[in-house]
Amino acid sequence: MAKLIRFGVSIEANLLEAFDRASAAQKYANRSQAIADLMRNKLIERDWQKKNAQVVATVSLVYNHHRREVVNKVMDIQHDYQRLIISTQHIHLDHDNCLEIIASKGKARDIVGLTHRLRGVKGTKHVSFTATTSGKQLS
Ligand code: NI
């Protein structure tokens, strides 16, 4: 466990009240926990924006599996990027639609490249990208 430090912050009362209400709604145990989470999010964001930073990310996509050319292209792209991909989960959403969640690890710019290739496949309905961190730099 890292050493804890107390520090003082001057902030507008209205902003703090709104922050405390939002934190309570999100079930944070206390204000310190909520602020620490904000700080981590900020650091993660900064981390991943450095293009060479190692990140962990999920790429999610939804497509109609009846369109075989889409299925084939999505598969080809994943093989092209197999060194980045840890695992892929395939969920049959309904009769027509499939969701794939791709867990990946590598350089941010390479994972962004994978995301752009998938977005470029005509027929994908949605491709989203969420970057996080390996956590090594954060306690
Ligand atoms: Ni499916």
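Largest first, what is the accessible-area ranking of Leu15, Leu84 with a 1.4 Å probe?
Leu15, Leu84
Net charge within 15 Å of Val70 by Cβ-Cβ distance, Lys/Arg positive one each and Asp/Glu negative one each, not counting Val70 itself?
+3
Report the net charge of residues surrounding Ala36, where surrounding means a beta-carbon distance below 14 angstrom and charges are Lys +1, Arg +1, Asp -1, Glu -1. Let's see the in-between values first.
Numbers: positive: Lys3, Arg6, Arg31, Arg40, Lys42; negative: Asp37.
Result for the neighbourhood of Ala36: +4.
What do you get for Rg/Rh of the stretch 73-138 when both radii come from the Cα atoms and Rh is the Kirkwood radius?
My calculation puts Rg/Rh at 0.99.
Evaluate E = 1/(1 + (r/R0)^6) for Leu43 and Lys3, where r is the Cβ-Cβ distance and R0 equals 25 Å; express this FRET efficiency to the nearest 0.05. The partial results should precede the final answer.
Details: r = 18 Å, r/R0 = 0.70.
It comes to 0.90.
What is the spin-label model distance, in nm, from Asn72 to Arg21 if the labels are put 7 Å beyond Cα along the C-beta direction?
According to this spin-label approximation, the distance is 5.6 nm.
Please compute the net charge surrounding Arg119, taking Lys and Arg as +1 and Asp and Glu as -1 over other residues with Cβ under 13 Å from its Cβ.
In short, +4.
Restricting to DSSP H runs of at least four residues, report the calculated mean residue ellipticity at 222 nm for the chain, -39500 (n - 2.57) per run over all residues, nearest 500 deg cm²/dmol.
Roughly -13500 deg cm²/dmol at 222 nm, from the helical runs in the chain.
Of Ala22, Ala36, Ala13, which has the largest mean-square fluctuation in a 10 Å C-alpha GNM of the chain?
Ala13
Distance in nm between label sites at Gln89 and Ser32, each 7 Å beyond Cα in the beta-carbon direction?
Modelled inter-label distance: 3.3 nm.
Based on Cα positions only, what radius of gyration and what Dmax would you give for the chain, in angstroms?
Rg, Dmax (Cα atoms, Å): 19.5, 59.
From the backbone phi of the stretch 5-22, what are the Karplus-calculated ³J(HN,Hα) couplings (6.51 cos²θ - 1.76 cosθ + 1.60, θ = phi - 60°) in whole Hz, Gly and Pro given as x?
10, 8, 9, x, 9, 9, 8, 4, 4, 4, 5, 5, 4, 5, 5, 5, 5, 5
The values are calculated or read from the model by the stated rules, or taken from the named source; none is laboratory data. A quick note: this is a predicted structure, and the numbers were derived from the prediction, not measured. In this analysis, Cβ positions are derived from the backbone assuming ideal geometry, glycine residues included, and neighbour counts consider all displayed protein chains. Note: accessible area is taken over every heavy atom of the protein model, side chains too, but ligands, DNA and RNA are not part of it. Shrake-Rupley method; radii C 1.70, N 1.55, O 1.52, S 1.80 Å.
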